[in-house]
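The values are calculated or read from the model by the stated rules, or taken from the named source; none is laboratory data. Because the structure is a prediction, the values reported are computed rather than measured. Glycine also receives a Cβ, built like all others from the backbone with ideal geometry; neighbour counts cover every protein chain displayed. Each accessible area value is taken on the protein alone, full model and side chains, heavy atoms only, with ligands, DNA and RNA left out. Shrake-Rupley method; radii C 1.70, N 1.55, O 1.52, S 1.80 Å.
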Amino acid sequence: MSIEVNNITKLYKNQKALNDVSFKVNNAEIVGFLGPNGAGKSTMMKILTTYIAPSNGTAAVNGFNVNTERKNVQSSVGYLPEHNPLYTDLYVREYLNFNANVYGTSKSRINEVIELTGLTPEAHKKIGQLSKGYRQRVGLANALLHNPDVLILDEPTTGLDPNQLVDIRNLIKTIGKEKTVFLSTHIMQEVEAMCDRVIIINKGEIVADKYLKDLRAGQDQVVMVEFDYRVEDAFLLKLPKVSAVKNTHGFIYEITFSTNDDMRSHVFDFAHDNELKILQLNQKNASLETLFRELTQRS
Ligand code: ADP
Ligand code: MG
């Protein structure tokens, strides 16, 4: 077990930020910690990384207790805080060198993390000169320096432009093949794009804990597609196993199929045969969306 949280409560003065929270994260899973702003995500992550102590309850990371074995917890986790604090005047390599000295990690590991996070072409630049996407990579490189088993990433994709978003998501998925990744987000699509499992938190309480494959199983599949031109609904209804077509706006269509087989390649073939160009093509998890709305948008 990589992360085990037992009945954690956290009070800031008399405000309850976490109320009796319990969950577990297994080895080498990518788990999304999803919830609206103010739900308690950062608070939970600060407890798991030993930056703050819980008011009540216990948690363990890699088997080490966050209250009593803080040093061992710290060597087991890599942490990317929400507002990734970086020294903008330092050069990328200088910054990583500095932190490597603090952790006592080898010089060769610096080159490894630079390579792993795709920073090689930017490594000679000042952090202040980098785009937000590259700064996030520096934050990830830093979190990986001491080669921890568990990564805790607080809103790692917030504020990135669409291209940077795709790059960072892919990087996190690659890292997640070897390490346990626990990442927070307030955006449902981020969970869909990166995670094996979702834990939903609202107002300091866990309201759902599900594997995405279970949410997808046994439900209709919705594919969102954007063409470069208008298409008649009747035309799209000729697709195999299609049950509904909705033009959501512009040339974007939501096509529902009565199967959970991946139908994206059929949509692609359809576009090709009809000389249409596809500008976007995504699978939408209708049940995750419903779950998230129902659980977090009640006042
Ligand atoms: P999230 O990361 O999900 O947006 P946070 O964990 O940052 O949520 O915050 C949870 C709640 O605790 C919010 O109501 C927030 O205002 C409050 N809170 C967070 N940090 C502090 C603090 N240092 N002092 C007082 N209240 C805080
Ligand atoms: Mg937060």
- line: Links exceeding 28 Å between C-alpha atoms in this model, out of Lys46/Lys177; Lys177/Lys246; Lys10/Lys213; Lys179/Lys210, come to Lys177/Lys246; Lys10/Lys213
- line: Computed over region 3-214, protein heavy atoms only, probe 1.4 angstrom, the accessible area per residue in square angstrom equals 45 Å²
- request: Provide the percentage of antiparallel DSSP beta bridges, counting only those with both residues in the chain; round to the nearest 5.
  value: 70 percent
- prompt: So if R0 is 22 Å, what FRET efficiency would Gln280 and Lys238 give, r being the distance between their Cβ atoms, rounded to the nearest 0.05?
  reply: 0.55
task: Add +1 for every Lys or Arg and -1 for every Asp or Glu among the other residues with Cβ under 12 Å from the Cβ of Thr185, and state the total.
output: -3
message: Given a Förster distance of 25 Å, report the FRET efficiency between Thr58 and Glu178 from their Cβ-Cβ distance, rounded to the nearest 0.05.
response: 0.40
- request: Give me the Kirkwood hydrodynamic radius of region 54-167, using the inverse of the mean 1/r over all pairs of distinct Cα atoms, in Å to one decimal.
  value: 14.9 Å
- request: Note down the net charge around Ala141, summing +1 for each Lys or Arg and -1 for each Asp or Glu among other residues with Cβ under 12 Å from its Cβ.
  value: +1
message: What are the extents of the Cα atoms of the chain along their three principal axes, in Å, largest first?
response: 63, 46, 30
field: Prolate/oblate/rounded label for region 219-299 (Cα gyration tensor, a/c 1.5)
entry: prolate
message: With a 10 Å cut-off between alpha carbons and a GNM built on the chain, which of Thr180, Thr68, Thr157 moves the most?
response: Thr68
field: Cut-off under 5 Å, modelled amide H: who pairs with Leu18 long-range
entry: Lys10
message: Just want to confirm a number: the relative contact order over the chain, from Cα pairs under 8 angstrom separated by 6+ residues, in percent.
response: 20 percent
statement: In order over region 37-42: 3J(HN,Hα) from phi, Karplus 6.51/-1.76/1.60, θ = phi - 60°, whole Hz, x for each Gly or Pro, gives 4, x, 6, x, 5, 5
Accessible area of region 151-299 belonging to carbon and sulfur atoms, whole % at 1.4 Å probe: 49 percent
task: Would you work out which of Ile252, Leu276, Leu237 lies farthest towards the positive end of the dipole of the chain? Charges go on Cβ: Lys and Arg +1, Asp and Glu -1.
output: Ile252
message: Quick check on the chain: helices-only [θ] at 222 nm, where DSSP H runs of length 4 and up contribute -39,500 (n - 2.57) each and the sum goes over total residues. Nearest 500, please.
response: -9500 deg cm²/dmol
statement: For region 159-168, Karplus-derived ³J(HN,Hα) couplings (6.51, -1.76, 1.60; θ = phi - 60°; whole Hz; x for glycine and proline) come out as x, 8, 7, x, 6, 4, 4, 4, 5, 5
message: Below 15 angstrom from the Cβ of Ala28, what's the summed charge of the other residues (Lys, Arg +1; Asp, Glu -1)?
response: +1
- prompt: Under a point-charge model restricted to the Cβ atoms of Lys and Arg (+1) and Asp and Glu (-1), what is the dipole moment magnitude of region 32-166 relative to its Cα centre, in debye to the nearest 20?
  reply: 180 debye
field: Taking region 132-254 and dividing mean pair separation by its residue count, relative contact order in percent (alpha carbons under 8 Å, at least six apart)
entry: 17 percent
- prompt: So what J values fall out for region 82-90 if you push phi through Karplus, 6.51 cos²θ - 1.76 cosθ + 1.60 with θ = phi - 60°, rounded to Hz, Gly and Pro as x?
  reply: 4, 9, 2, x, 10, 8, 5, 7, 8
